[in-house]
1. At ILE117 and TYR24, where each label point lies 7 Å from the Cα along Cα→Cβ, what is the point-to-point distance in nanometres?
2. What is the distance, in nm, between label points placed 7 Å from the Cα along the Cα-to-Cβ direction at VAL224 and at LEU275?
3. Between GLU39 and LEU13, what length comes free when the chain is fully extended (0.36 nm per residue of separation minus the Cα-Cα distance, one decimal in nm)?
4. So how much accessible area does LYS276 have, in Å² to the nearest 10, using a 1.4 Å probe?
5. Rounded to the nearest 0.05, what FRET efficiency is calculated for GLU127 and ASP255 with R0 set to 22 Å and r the Cβ-Cβ distance?
6. Run the quick spin-label model on SER52 and LYS208: label points 7 Å from Cα toward the beta carbon, then report their separation in nm to one decimal.
7. Using alpha-carbon pairs under 8 Å, 6+ residues apart, how would you state the relative contact order of the range 1-147 in percent?
8. Quick one: which of LYS54/LYS193; LYS54/LYS280; LYS100/LYS142; LYS159/LYS208; LYS100/LYS172; LYS79/LYS159 span more than 30 angstrom between C-alpha atoms?
Amino acid sequence: MEELLVEEVLQLLENESDRQLKVYLNELNISDVEHLIDELPQHAVKFIETLSIKRAVNVFRILDFPTQERIIKKLQSNKLTEIVRQLPPDDRTALLGELKGDAVKKLLILLPDNDRIEALHLLGYEEDSVGRLMTPDFIAVKIDWTVSRVLSHIRRYGKNSETIDVVYVIDKDGVLLDDIRIREILLADPEVKIGELTDNRLIALNVKDPQEEAINVFRMNNRVALPVIDDQNILLGIVTIDDILWIAHEEYTEDMHKIGGTEALDEPYLDMPILKLVKKRASWLIVLFLGEMLTATAMQHFEIELEKAVVLSLFIPLIMSSGGNSGSQASTLIDPGHGIGRSNDCLLVARNAKRTDIRPIAGIDLGNNRFCSDFPMAKPRPI
């Protein structure tokens, strides 16, 4: 299916059928267009320019940053202006946070005054904080409003909201009091005050919270969106599940890179410059090399024993490979626990105790296996 998709698009490009290409691309799912950009990166700008503005924005926001950066550099100014202005505030903040120097100024100039102030405000939060993920586009209502008035408010302003699945209840000072699912509002009597629907089981994120903590809160509470407040409980914005999924994917990828013995890559592997890739891997390789030197130093103390029984040297590769495999197993089992918030100090002590219990059993098992495999081949020495 994907190969057929690429072939059809290539045919349209060769025939220079821009009108047909526009119709074809606008009928595809945005994930299919994203796949085309991955397969045909030389035509990425062409695809974005051909798409309708709404679909171009939806495709652009799911691309990885290196691809976005390449497109920004070559995109026509009018199309770039439309895309930047229509990007959701949280996606715009993520893009501006990745860009450097003049590229940031170039995009900020394209924004209207209100959007520029909003973007600069969001960029003022720490890089890995919840404030960088939130969007100020949400539906907030007063506690003394009726359901009928709330529904009228949603009809008027809901189109510009990131989501209307959840409505947030505030007081006259903007302090967050509760959140209500839209289902409860739709099923309630139109004359009921919104305060009668609240249950005071509010879950909120602080704007200064680390993004990893937000991932855990979403996972444990099964929410599609969560409100973001400051230290005075003033409602500032919301974070939606789609942004959390992106961050969770990045954290998981970073953990996998570290397990593989390399620094986390901030770009796709094939897009990384050779020298930068070597730098990412070299530090870990040097550490491993120094560790092996310590092993060699330790073995020198047993040089005489090895000369007396050369057969012992046959066990060195076995011990080294088993040690490496056991280390990989331990890091694979423990690191996911850390990622899902199950690695506090007490659990870390418990895990170490459990590993201590496992080590002698695993060692005895490996020793028995080696004995059983070597014993039949052993030759008796003459007396």
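The values are calculated or read from the model by the stated rules, or taken from the named source; none is laboratory data. All values reported here derive from a predicted model rather than from experimental measurement. Every residue, glycine as well, gets a Cβ built from its backbone with ideal geometry; the counts of neighbours run over all protein chains shown. Please note that ligands, DNA and RNA were not included when accessible areas were found on the heavy atoms of the full protein model with its side chains. Shrake-Rupley method; radii C 1.70, N 1.55, O 1.52, S 1.80 Å.
1. Once both label points are built, they end up 4.7 nm from each other.
2. With each label placed 7 Å out from Cα toward Cβ, I get 4.9 nm.
3. So the chain would gain 8.0 nm between GLU39 and LEU13.
4. 70
5. Details: r = 19 Å, r/R0 = 0.84.
Between GLU127 and ASP255 the formula returns 0.75.
6. 4.6
7. Taking the mean separation of contacting Cα pairs over the length of the range 1-147, I get 17 percent.
8. Going by Cα-Cα distance, LYS54/LYS193; LYS54/LYS280; LYS100/LYS142; LYS100/LYS172 fall outside the 30 Å limit.
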